[in-house]
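Visitor: Encoded as structure tokens, here's the structure I'll be asking about.
Derivation of every value follows stated rules applied to the coordinates shown; laboratory data play no part. Source: prediction; values computed, not measured. Neighbour counts run over all protein chains shown; Cβ positions are idealised from the backbone, glycine included.
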Amino acid sequence: GCMDTVACNFNALATASDGSCDFTSCVGCTDPTALNYNASATIDDGSCCYTNWVTLVMTDSYGDGWNGNTWTATSATGGNTYGPFTLSNGYSDSISFCMDHDCYDIVCDGGSWEYEVGWTLIENGTSVLTGGAPAIMQIGIGSGSCTTGCTDSLACNYDPTAGIDDGSCLTNYGCTDPAASNYDASATCDDGSCDL
């Protein structure tokens, strides 16, 4: 039997090692509070996800894989990139991974026989985006937003729904009323200090 105590199939009763030790079948996320908790895992592999657990389901109508096409999600705010993923052969396959809250540019392209390609992105158990190839799309994952606007909470035109800063933030406070004695022509945000 397996005599290695860190192996998934450790046998405390074994008296001789038979080379059968398995170090992969019980590896996974062991934290029950994580989205990808694996109840059968006994060895934590550091993969626990606390933001958004997504699954990319890839299909090919002909059954010969994606013929060079790939799927990639790239952060629109300069964060992480996921992929490129592809279906190397067959009719379908899937891959699951953890994604941060963000807005992502989705691109599926780059190969031949694109009309055979299909995919669905599932976020925390819910289908959120479906496409084929060629595809160029954008999606907010988790609390990520693809809305552009001012993301500086100290600016007077702060947009709490914006996920992508468009450079429009106004932060120069002062009196903006030209009729006031303390009018500030350089002020872009009125601070309520106008003396009329």
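Visitor: Working from the alpha-carbon coordinates of the range 63-152, get Rg over Rh, Rh being the Kirkwood radius.
Guide: Here Rg/Rh amounts to 1.00.
Visitor: Can you run phi through the Karplus equation (6.51, -1.76, 1.60; θ = phi - 60°) for the range 74-90 and list ³J(HN,Hα) in whole Hz, with x for Gly and Pro?
Guide: With the stated coefficients, the range 74-90 comes to 10, 4, 7, 10, x, x, 7, 10, 10, x, x, 10, 8, 9, 6, 6, x Hz.
Visitor: Is the chain best put as rounded, prolate or oblate by its Cα gyration tensor, with a ≥ b ≥ c the root eigenvalues, rounded for a/c under 1.5, and otherwise prolate when a/b is larger than b/c, oblate when not?
Guide: In terms of gyration-tensor shape, oblate.
Visitor: Rounded, prolate or oblate, given the Cα gyration tensor of the range 127-196, with a/c below 1.5 counting as rounded?
Guide: Prolate shape, in that a/c is at least 1.5 and a/b is the bigger ratio.
Visitor: Can you run phi through the Karplus equation (6.51, -1.76, 1.60; θ = phi - 60°) for the range 164-172 and list ³J(HN,Hα) in whole Hz, with x for Gly and Pro?
Guide: Karplus-based 3J(HN,Hα) across the range 164-172 equals 10, 6, 9, x, 8, 4, 10, 10, 8 Hz.
Visitor: For Cα pairs less than 8 Å apart in space and 6+ apart in sequence, what is the mean separation divided by the residue count of the chain, i.e. the relative contact order in percent?
Guide: 13
Visitor: Can you check what the net charge comes to around residue 96, using other residues whose Cβ is under 14 Å from the Cβ of residue 96 (Lys, Arg +1; Asp, Glu -1)?
Guide: Taking every other residue near residue 96 into account, the sum is -3.
Visitor: Residues of the range 48-62 with amide nitrogen under 20 Å from the 7 Å Cα-to-Cβ point of residue 24?
Guide: 48
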